[in-house]
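Colleague: Let me begin by handing over the structure; questions about it come next.
The values are calculated or read from the model by the stated rules, or taken from the named source; none is laboratory data. Since this is a predicted model, take the numbers as computed values, not measurements. All Cβ positions, glycine included, derive from the backbone under ideal geometry; neighbour counts span all protein chains shown.
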């Protein structure tokens with residue numbers, strides 16, 4: 001394997017590890033830092049103290065950083081709604097338009113002018129627009145990879161199908177169509193498109209005609225996430241885990257609080273719900289405090305104590321794409337998982353053996369109640385799930401898979417070409 005010069009474009013430095021996207025990006029890059037010369041070009045993390053810690057973390061790994069002092073606009077407040085309205089007149093999806101910036105495009109141009117790059121790597125599909133604007137006329141000649149953490153158009157399609165408000169449904173449908181056009185360009189223009197699950201790669205192939213899409217699955221640090229056998233589980237304690245500033249997670253939490261958990265508690269009065277995640281909105285803080293049996297834990301430094309003591313992880317997602325790292329983390333600790341089909345999609349796990357897959361709210365309620373009443377049977381699925389996750393989803397072989405993608409995309413040195421002709 002050759003040592004490559006790789007430039008990674010991203011939203012921010014993926015540290016600390018408080019979201020699924022950050023966890024994936026950090027774990028893959030840290031394992032490739034010893035093999036390649038990696039530079040991350042990105043916007044500044046919103047919290048300046050966090051930003052300084054993130055730069056130090058990557059400096060320790062030997063990864064260089066080029067951080068533009070611009071923060072991606074927040075998804076709340078009057079300015080957010082003004083930007084949503086303004087996006088009606090843009091051909092680009094909202095996420096693409098707000099994540100692009102002249103400053104980051106200029107940083108790309110300056111870096112490309114001064115540094116030879118073997119592979120440009122867009123760590124999230126919207127940043128393909130930044131690369132396009134930064135390299136301009138040089139983009140067709142560049143070798144670049146686009147990492148699709150989700151097929152974004154599929155998420156927006158699911159928004160439009162589940163949204164009850166007619167105005168929001170209309171807006172989501174427009175975003176869906178915009179993302180379809182943008183992803184069509186990004187996947188076809190890139191040297192290689194990378195999906196995080198076989199399911200997403202199938203969508204890329206069948207919907208966008210991307211015959212050569214590669215798969216680098218989401219993974220888990222199986223040395224860090226391990227069962228804590230000396231801690232007793234509470235069978236009636238339900239855990240919800242996820243970034244609470246991501247709409248699919250908020251939709252799932254709303255279902256839990258409004259429908260699923262009250263019905264579970266009506267049958268099992270001792271049932272409790274722990275909601276754990278970063279950046280919860282104010283309405284969720286208020287709602288959790290007012291709901292009997294519910295506790296909200298915001299921005300915790302370590303989720304393992306919650307995984308060790310709960311009876312199960314509940315994943316009632318009905319909107320989503322890619323695959324769920326929280327399911328992998330839970331099963332790596334032998335924590336049983338009860339999920340909808342959307343929540344479990346993209347993972348090579350056997351329903352009813354390695355996790356429980358339920359249909360809709362009714363199915364989630366029934367499965368949770370049965371799990372509380374028969375904890376030993378549910379725990380068996382957690383143990384089987386752990387064995388499957390350790391065998392398939394450790395980060396080390398997944399990093400090797402991304403390395404192989406970079407190697408295939410990078411131009412072959414003229415010396416090697418000459419030797420092959422000889």
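Colleague: When the residues of the stretch 338-350 are narrowed to those that are in contact with a strand residue (DSSP E or B) (Cβ under 7 Å, 6 or more places away or on another chain) and farther than 20 Å from residue 235 by Cα, which ends up surrounded by the fewest Cβ atoms within 10 Å (Cβ to Cβ)? So that I can check it myself, show each step before the final result.
Modeller: The first filter runs over the stretch 338-350 and keeps only residues in contact with a strand residue (DSSP E or B) (Cβ under 7 Å, 6 or more places away or on another chain), leaving 338-341, 343-344, 349.
From what is left, the residues that are farther than 20 Å from residue 235 by Cα are 341, 343-344, 349.
On the way: 341: 14, 343: 28, 344: 23, 349: 23.
Taking the candidates together, the pick is 341.
Colleague: Is it the case, given these coordinates, that residue 158 is over 24 Å from the mean Cα position of the chain (by Cα) and more than 19 Å from residue 213 (Cα to Cα)? Before you say what the answer is, go through the steps one by one.
Modeller: Details: over 24 Å from the mean Cα position of the chain (by Cα): no; more than 19 Å from residue 213 (Cα to Cα): yes.
It is false that residue 158 is over 24 Å from the mean Cα position of the chain (by Cα) and more than 19 Å from residue 213 (Cα to Cα).
Colleague: Scan the stretch 51-65 and tell me whether some residue there is modelled with pLDDT of 95 or more, on the phi > 0 side of the Ramachandran plot and either surrounded by fewer than 16 Cβ atoms within 10 Å (Cβ to Cβ) or assigned by TED's automatic domain parsing to the domain that holds residue 130 (or both).
Modeller: Yes: one or more hits.
Colleague: Additional query: Within the stretch 352-375, is there a residue that is over 16 Å from residue 252 (Cα atoms), touching a residue at least 40 places away in the same chain (Cβ under 8 Å) and assigned to a loop (DSSP other than H, G, I, E, B)?
Modeller: Taking every residue of the stretch 352-375 in turn, none turns out to be over 16 Å from residue 252 (Cα atoms), touching a residue at least 40 places away in the same chain (Cβ under 8 Å) and assigned to a loop (DSSP other than H, G, I, E, B).
Colleague: Would you tally the residues in the stretch 268-304 being surrounded by fewer than 16 Cβ atoms within 10 Å (Cβ to Cβ) and within 22 Å of the chain's Cα centre (by Cα)?
Modeller: 6
Colleague: Suppose we filter the stretch 301-328 for residues that are in contact with a strand residue (DSSP E or B) (Cβ under 6 Å, 6 or more places away or on another chain) and free of Cβ contacts under 8 Å to residues at least 60 places away in the same chain; how many remain?
Modeller: Residues that pass the stated criteria total 1.
Colleague: Residues that are without any contact (Cβ under 8 Å) to a residue 60 or more places away in the chain and within 21 Å of residue 321 (Cβ to Cβ): which helices (runs of 4 or more DSSP H) entirely in the stretch 64-132 hold 2 or more of them?
Modeller: Numbers: elements: 77-86, 94-99, 102-114.
Counting at least 2 such residues, we get 94-99.
Colleague: Can I ask one more? What are the residues in the stretch 250-267 that are closer than 13 Å to residue 296 by Cβ and within 16 Å of the chain's Cα centre (by Cα), if any?
Modeller: Result: 250, single match.
Colleague: If only one of 213, 172, 129 is in contact with a strand residue (DSSP E or B) (Cβ under 8 Å, 6 or more places away or on another chain) and surrounded by 14 or more Cβ atoms within 10 Å (Cβ to Cβ), which one is it? If you could, list the steps in order and put the result at the bottom.
Modeller: On the way: 172 fails: in contact with a strand residue (DSSP E or B) (Cβ under 8 Å, 6 or more places away or on another chain); 129 fails: in contact with a strand residue (DSSP E or B) (Cβ under 8 Å, 6 or more places away or on another chain).
Unique residue meeting the criteria: 213.
Colleague: Right, residue 179: closer than 24 Å to residue 65 by Cα and modelled with pLDDT of 95 or more or not? It would help to see each step written out before you state the result.
Modeller: Details: closer than 24 Å to residue 65 by Cα: no; modelled with pLDDT of 95 or more: yes.
Criteria not met by residue 179.
Colleague: Further question: Would you check if there is a residue in the stretch 282-296 being in a loop (DSSP other than H, G, I, E, B), within 19 Å of residue 20 (Cα to Cα) and either touching a strand residue (DSSP E or B) at 6+ places or on another chain (Cβ under 7 Å) or touching a residue at least 60 places away in the same chain (Cβ under 8 Å) (or both)?
Modeller: no
Colleague: Across the stretch 230-270, which residue is modelled with the lowest pLDDT among those that are assigned to a loop (DSSP other than H, G, I, E, B) and within 23 Å of residue 395 (Cβ to Cβ)? Show your work before the answer.
Modeller: In the first step, residues of the stretch 230-270 are kept if they are assigned to a loop (DSSP other than H, G, I, E, B); the result is 230-236, 242-246, 268-270.
Cutting the leftovers down to within 23 Å of residue 395 (Cβ to Cβ) gives us 242-243, 246.
Numbers: 242: 92, 243: 90, 246: 87.
Per the stated criteria, the residue is 246.
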